[in-house]
Structure formats: structure tokens, C-alpha cells
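Visitor: Supplied in C-alpha cells, the structure appears directly below.
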């Protein structure tokens, strides 16, 4: 294994593990969702700016009008995505919200076909069908704990909407090909801070040192550091390795939800989640209908 592959794999693994823990920090902060996202943007912007200057990652000559406008539009989409996903955590649990959120590759598939003229093949339609079946399984499940059905379904709807806005942000990022991703991320979090300042300033400020610590961690670690690790990994790894390691994120989120809050997926939810992850893997890793069986056999031999 080359040094770039080892380093990229380590960076991607760390980024996904960090992402998988964010739900705990959001819920434990006890803050309104708008406040959490606002402080995430503030502390994330400071962290990204410092790291970018120290590491020489940003060239201000890249700040062309088109770049700024598209980055701001992407920032609006990514911030709305955060708002919706964080709100979903308290409705349908971190596990369910994260699994439903992993339908985002199929949102991106549709938007790519609509705006970028990308072809939707029969294989992609097959994986979309598998993901849809998984979604139906999750929706049909009874809510865990004392949550009402309406509460549970609202969480699923919020997660789907979050995935949609993430896909919009991804489409905008594709249009910014050649622009340093760290610069895009910095503009996005600055945009988010400006968007949410009126709402955050009228709400209650964090009162305890613990709340501030959690919010600073979300901004510094889950935003600034995570972006640097993620983009470093993307630059070093082949696409199929990046796609494979991305599934550490939902697995970590399930474990955190189970250990921290005692939430356990019901059998039908497990099956639905597995279908969504399988479909997302097939899409991200480029599995075809012919290659899927051989992949399964290989996986079986590897785990035996």
C-alpha cells in the first residue's frame, strides 16, 4: 500500500468517525437547532480560516464573482441541510435519521440527470429501487420508545429533505470544479453564519461551560478539522475507496445512538437500513447487476 493510500484511508476513516458522533453533540448541547448550526458555522469558519492560512490551502485569486455566487448558493443549501438533519435527530433518533439521510446519492442522481445531463442507467434504477424498498421498510416500522407515529414520520421527512438539500449543495460544488474545496467550505460556513445570525441572536445563549464546549467541538472538530481530513482523503484516494470508507459514518452513528441513548433498531428497520446502505454502496462503488453477485461472494469469503 502506498503512503498516499495509507494516509488517505486514515484521513477518511477519521473524518467518517467524527461525522458519526455529531448527533450526540447536537442533542447533548440542549440548544435550538438554529443556534447549534450558527455556532457550528462561526467556530468552523475560524478553524477553516486558520488552518487554510497555516497550510497555505487558499489562494484568494480564486475569488471570482462566479465562484463566490455559486459557493454562497451551495452554502445556503448545506446550512438548510444541517438544520433539517439536526432537527430530525430528536424526532426519529440519530440512527434512523442517518440511515434515511443516506438516500442522498439518489437525490444527487436525479438532480444530475436534470441539471447536468447525466444518464440514468438501468443499473442505477435498480439500486434506486432497492433504496426505495428500504425506505418503505423504515417508514412501515413502529416508532421506538414513546415517540408517536407522526413524530417518527416527521423525522423521516426531515431526513429526506436534508438529503435533498445536500444533493443540491453537491451539484453546486460540481459546478465549481477546479476551485479549492477548502475555499468553498469557508465561504459556505461564513454564509451560514450570516444567514442564521438574526435567529441565533434572538434565542437563548448557551449558559454552561459544557454547552459551550460541545458547540466549540462541533465547530472546530466536526466542521473545520473534518473538512480538512475529508478533502485531504478525497485528493489522495481512488473514488471506490472513498465510497467504501464513507459507510463508516452511518455505522458509527448507529453505535453512538445505541451506546449513548439506548436506541436499538427494530428488525424491519435493520433490513430497511441494510437495503439503503447496499443501494448506496452499489451506486457509489459502481456495482453493476452482473458484478453484484461476485462482490457478495467475495465479501462472504473475506468474512469467513
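The values are calculated or read from the model by the stated rules, or taken from the named source; none is laboratory data. Computed from a predicted model, the values in this text were never measured in an experiment. Cβ atoms come from the backbone with ideal geometry, glycine included; neighbour counts cover every protein chain shown.
Visitor: Can you spot a residue in the range 191-198 that is at pLDDT 95 or above and either over 24 Å from residue 25 (Cβ atoms) or surrounded by fewer than 17 Cβ atoms within 10 Å (Cβ to Cβ) (or both)?
Guide: yes
Visitor: Are there helices (runs of 4 or more DSSP H) fully within the range 22-128 with at least 3 residues that are at pLDDT below 90 and within 15 Å of the chain's Cα centre (by Cα)? List them. Can you show your working first?
Guide: Numbers: elements: 22-29, 33-55, 65-101, 104-115.
It comes to 104-115.
Visitor: Oh, and also: Please pick out the residue among 297, 207, 266 that is at pLDDT below 90, under 21 Å from residue 97 (Cβ atoms) and more than 16 Å from the chain's Cα centre (by Cα).
Guide: Values: 297 fails: under 21 Å from residue 97 (Cβ atoms); 207 fails: under 21 Å from residue 97 (Cβ atoms).
After ruling out the rest, the residue left standing is 266.
Conditions (1) over 22 Å from residue 221 (Cβ atoms); (2) surrounded by fewer than 18 Cβ atoms within 10 Å (Cβ to Cβ); (3) touching a strand residue (DSSP E or B) at 6+ places or on another chain (Cβ under 6 Å), marked per residue:
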residue	(1), (2), (3)
10	no, yes, no
38	no, no, no
53	no, yes, no
67	yes, no, no
79	no, no, no
82	no, no, no
93	yes, no, no
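Visitor: For the range 41-60, which positions are within 21 Å of residue 172 (Cβ to Cβ) and free of Cβ contacts under 8 Å to residues at least 40 places away in the same chain?
Guide: The answer is 60, and nothing else.
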